[in-house]
Amino acid sequence: MTMMQLPSAILTADQSEQITRLATSLTDEQAIWLSGYFAGLSHQARAGVLATAPAAGAPALAPTGTAAIPAAQSTRTVTILFGTETTNSKDLAAQLADAVRAKGTEARVVDMADYKPRALRDEQDLLVVTSTHGEGDPPDTAIGFFEFLEGRKAPKLPDVRFAVLALGDSTYEQYCLAGKRVDDRLAELGAQRLCDRVDCDVDFEDDAAVWIADVVGRLAPPEQPPAVAVSAPTATNGAAPHPAFDKRNPFRAAVLENTVITGRGSTKETRHVELSLEGSGLDYRPGDVLGVVPRNDPALVEALLERTGLSADAPVTVKKETTTLGEALGATLEITAATPRFLDLWCELTDSAELRALCAPDQAKARTAFLHGHHVIDIVSRFPVPGLEAERFATGLRPLQPRLYSIASSLAAAPDEVHLTVSTVRYALHDRACTGVASGHLAALTDEDATVGVYVQSNDHFHLPDDDSPIIMIGAGTGVAPYRSFMHEREACGTGGRSWLFFGERNFRSDFLYQVEWQDLLKGGALTRLDLAFSRDASPKTYVQDRLRRAGRDVYAWLEDGAWLYVCGDAANMAPDVHTALVDVVAEHGGLDRDGADEYLAALKRDRRYRLDVY
């Protein structure tokens, strides 16, 4: 065999001599195998792991005329599927993949929106991380996957091993139902569980970490040699890395502006909030969301301490950190909405027959109704516990979670700033005046030196087209926020392309959010068309779905011309009503029956031209 010149800049003289001596002794098949072996080691090193050398006495090469696989490589494939609305499942899928790769096994991570379901029959190890949306629904982008999996075309999967991590919110009756559906269906199709499904509440981090460790341990083949971690390169210029601001480490953003943009006589209070991102390094795209880390209402904290008879100075431990009860109730724990966890604790502490009945397994509907109608303070007031201990009380409360808001600005138009459109939630419960945790906190930030903790969360399924494709934007109330971001981006960047906004609210005079801006965008040509629906100004009431039907011929023509369709707003009523109207439009103007119209819209979703951001 003719030898090529070995690079002296990479190999030492001794290494070059050893390789030359080995290479000249190999058959063609052995040389091919060895090249694959070193390619595998290189791939693992780039993934952050490096397999150890074969143990002493192990065969270094396959016998002449045979094929072999390096012992450090896994013999099974691993696919990690995720379904997500807020990227939590996506982030956990990435963490899971890192943990799998650290054990020397390659894993591919796929969004359910991009997965070809017919490939299920070819999977070997399938790991699923999915959230539940609303009352038991899968994430919108995962609906196609669920329909296939639960349909008649789903294949039998006797050779597939699987595990499911389900994310949800225990205040909903159908807690983690999407994950439960996947878990049950895969078992029905004959797949074998690697481990039991784990259901995670909004404070999912610890439970998810335990599940990941369990799954990875069960995946690793017993004969696989251990992997040795390769340390990541460290900075050599002495500069400290810029801190990454995220959910665990939010940036303290200064409040630049906080004004009410609904007019006199409005039945709502909607605010425009501008925050400074200067010095944060945070970046975002139109369509992304901002995580806001709120504090609880100080008046509610004081009332809760009074009703429980507890001292604000009492020490408690939350997430392995010691603090005072007053600070924990103010900034760390959820003290408004009661959860099944809290109800279980209070049932145990009071031994109340009424609470025991609600906690029974067959009382899910009654328990959900009770929790929706009773906050934590209502329960502790109605069922007092003498001699309550602060630490015990804190264990029943789950961590206070950030709230996500659609970003209403463009960095191209407003550098170092992020804008929000916030409807302040105010309501009465048991003769008490109540305010939304985050919206109430933001509404109170009117001092010149006010700040709030924030971080950016990507919303991959709600971004603008990369080109000048036409866009149709449908939103009601604060659902108009991302469209303000879209239009400011297109205007600032000089992007062409037609744009059409359908906007709905209650009254024209008091609730036409950003009225002057939309009119200016129309005059300047960035906004091509604007259709409005003010429900309280007309009889019968008119909503955005009614405007869609009236403009159906043009809507269908835009879609046929390649328009992207966006819907942002209420998931319970607005989004389904809009979808029904779109089915009507496509059926009428496309000459299709309802099944054909449904498939037309389903194809738009598959092509990522029908996008939803609903809540």
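The values are calculated or read from the model by the stated rules, or taken from the named source; none is laboratory data. Just so it is clear, the model here is predicted, and its values are computed rather than measured. All Cβ positions, glycine included, derive from the backbone under ideal geometry; neighbour counts span all protein chains shown.
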Test for L420: is it closer than 30 Å to R484 by Cβ and touching a Phe, Trp or Tyr at 6+ places or on another chain (Cβ under 8 Å): yes
Conditions (1) more than 14 Å from E505 (Cβ to Cβ); (2) not in a loop (DSSP other than H, G, I, E, B); number of the one not met by A572: (2)
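On the given criteria, is A438 crowded, with 19+ Cβ neighbours inside 10 Å, not in a loop (DSSP other than H, G, I, E, B) and not assigned by TED's automatic domain parsing to the domain that holds N88? Step through it out loud before you land on a result.
On the way: crowded, with 19+ Cβ neighbours inside 10 Å: yes; not in a loop (DSSP other than H, G, I, E, B): yes; not assigned by TED's automatic domain parsing to the domain that holds N88: yes.
Spelling it out, A438 is indeed crowded, with 19+ Cβ neighbours inside 10 Å, not in a loop (DSSP other than H, G, I, E, B) and not assigned by TED's automatic domain parsing to the domain that holds N88.
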Residue match in segment 305-312 (condition: charged (D, E, K, R) and part of a strand (DSSP E or B)): no
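If you check A481 against the conditions, is it assigned to a loop (DSSP other than H, G, I, E, B) and buried (at least 20 other Cβ atoms within 10 Å of the Cβ)?
Values: assigned to a loop (DSSP other than H, G, I, E, B): no; buried (at least 20 other Cβ atoms within 10 Å of the Cβ): yes.
No; evaluated as a whole, the condition is false for this residue.
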Lone unmet requirement of (1) touching a Lys or Arg at 6+ places or on another chain (Cβ under 8 Å); (2) over 27 Å from L290 (Cβ atoms); (3) among the aliphatic types (A, V, I, L, M) for A408: (2)
Any hit, segment 332-342, residues being among the aliphatic types (A, V, I, L, M) and exposed (fewer than 15 other Cβ atoms within 10 Å of the Cβ): no
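Would you tally the residues in segment 583-610 being part of a helix (DSSP H, G or I) and farther than 21 Å from D137 by Cα? Explain how you work it out, then say what you get.
Filtering segment 583-610 down to residues part of a helix (DSSP H, G or I) leaves 583-590, 594-606.
Applying the additional criterion that residues be farther than 21 Å from D137 by Cα yields 584-590, 594-597, 600.
Residues in segment 583-610 being part of a helix (DSSP H, G or I) and farther than 21 Å from D137 by Cα: 12 in total.
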Residues of segment 548-587 that turn out to be more than 31 Å from the chain's Cα centre (by Cα) and within 16 Å of F503 (Cα to Cα), as a count: 4
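If you go through segment 315-332 one residue at a time, do you hit one that is part of a loop (DSSP other than H, G, I, E, B), in the same structural domain as S381 (by TED's automatic domain parsing) and touching a residue at least 60 places away in the same chain (Cβ under 8 Å)? Reasoning before the result, please.
Let us first name the residues in segment 315-332 that are part of a loop (DSSP other than H, G, I, E, B), namely 319-320.
Subsequent filtering for residues that are in the same structural domain as S381 (by TED's automatic domain parsing) retains 319-320.
From what's left, touching a residue at least 60 places away in the same chain (Cβ under 8 Å): 319.
Among the residues of segment 315-332, at least one is part of a loop (DSSP other than H, G, I, E, B), in the same structural domain as S381 (by TED's automatic domain parsing) and touching a residue at least 60 places away in the same chain (Cβ under 8 Å), which makes the answer yes.
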Selected residue (only one of L329, L400, L388 is in contact with a helix residue (DSSP H, G or I) (Cβ under 9 Å, 6 or more places away or on another chain), more than 30 Å from C568 (Cα to Cα) and buried (at least 17 other Cβ atoms within 10 Å of the Cβ)): L329
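Residue under question is A538, and the condition is that it be outside the structural domain of T424 (by TED's automatic domain parsing), of a type in the set (G, A, S), under 29 Å from R264 (Cβ atoms) and surrounded by fewer than 18 Cβ atoms within 10 Å (Cβ to Cβ); does it hold?
Working: outside the structural domain of T424 (by TED's automatic domain parsing): yes; of a type in the set (G, A, S): yes; under 29 Å from R264 (Cβ atoms): yes; surrounded by fewer than 18 Cβ atoms within 10 Å (Cβ to Cβ): yes.
Judged against the criteria, A538 is a match.
Each row is one residue, and each column tells you yes or no for (1) of a type in the set (D, E); (2) touching a Cys at 6+ places or on another chain (Cβ under 7 Å); (3) at pLDDT below 95; (4) in a loop (DSSP other than H, G, I, E, B).
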| residue | (1), (2), (3), (4) |
| --- | --- |
| S406 | no, yes, no, no |
| A412 | no, yes, no, yes |
| P415 | no, no, no, yes |
| H419 | no, no, no, no |
| V422 | no, no, no, no |
| L442 | no, no, no, no |
| E448 | yes, no, yes, yes |
| G453 | no, no, no, no |
| V456 | no, no, no, no |
Hey, T580 of a type in the set (S, T, Y) and within 29 Å of G136 (Cβ to Cβ) or not: yes
Subset of segment 267-281 [in contact with a strand residue (DSSP E or B) (Cβ under 7 Å, 6 or more places away or on another chain), surrounded by fewer than 20 Cβ atoms within 10 Å (Cβ to Cβ) and not in a strand (DSSP E or B)]: K268, E269
